[in-house]
Amino acid sequence: QVQLVESGGGLVQAGASLRLSCAASGRTFSASVMGWFRQAPGKEREFVAAMTWSRAFSLYADSVKGRSTISRDNAENTVYLQMNSLKPEDTAVYYCAARLKAGTVVSPQLYDYWGQGTQVTVSS
């Protein structure tokens, strides 16, 4: 019922900024929480940021807190992840996800829909 497509990834130098986009289609109004996760090679998928569809609350992982911002463009049904001061350890495939139930969650298993991911590579 919800389709998600990520874009905006790429190869950047450490210290650069990048804005990832997640285009949502379908029954987007049914999504209560939008989240961003990332997965590096050989690592588990980890929480990056999430926000309620209503924009009332947001939550960030400690690793990106203070240099990342999650937001939503209502007109385009697009969720963004603005990342500043990128570090090599930020290198991963970034995924957009949607959760239908209310409440902000950090576990990927609790999300209902996923995009295919976009690669972010940060060189030193």
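The values are calculated or read from the model by the stated rules, or taken from the named source; none is laboratory data. Values in this document were obtained by computation on a predicted structure and should not be read as measured data. When we count neighbours, we look across all protein chains shown, and the Cβ atoms used for this are built from the backbone with ideal geometry, even at glycine. Surface accessibility is based on the protein's heavy atoms, side chains included, excluding ligands, DNA and RNA. Shrake-Rupley method; radii C 1.70, N 1.55, O 1.52, S 1.80 Å.
Segment residue 65..residue 13, full-extension length gain: 16.8 nm, with 0.36 nm per residue of separation and the alpha-carbon distance subtracted.
The orientation-averaged projected area of the convex hull spanned by the Cα atoms of the chain comes to 6.8 nm².
With a 1.4 Å probe and all protein chains left in place, how much of the accessible area of the chain comes from carbon and sulfur atoms, in whole percent?
Of the solvent-accessible surface of the chain, carbon and sulfur hold 49 percent.
Working ranking of peptides 70-83, 88-101 by packing, defined as the average number of other Cβ atoms within 10 Å per residue, highest first, is 88-101, 70-83. Within the same chain, aspartates and glutamates fewer than 8 places from residue 101 are excluded, and of the rest, those with a Cα less than 15 Å from its Cα are 112. At q = 0.13, 0.21, 0.25, 0.28 Å⁻¹, work out log10 I(q)/I(0) for the range 36-85 with the Debye formula, treating every Cα as an identical point scatterer and leaving solvent out; two decimals please. With one equal scatterer per Cα and no solvent, log10 I(q)/I(0) is -0.33, -0.78, -0.99, -1.12. FRET efficiency for the pair residue 27 and residue 84, taken as 1/(1 + (r/R0)^6) with r the Cβ-Cβ distance and R0 = 30 Å, rounds to 0.40. Cross-link partners of residue 65 among lysines, defined as those whose alpha carbon lies under 23 angstrom from its own and excluding same-chain residues fewer than eight positions apart: 43, 87. Accessible area per residue for the chain, computed on protein heavy atoms with a 1.4 Å probe, is 50 Å².
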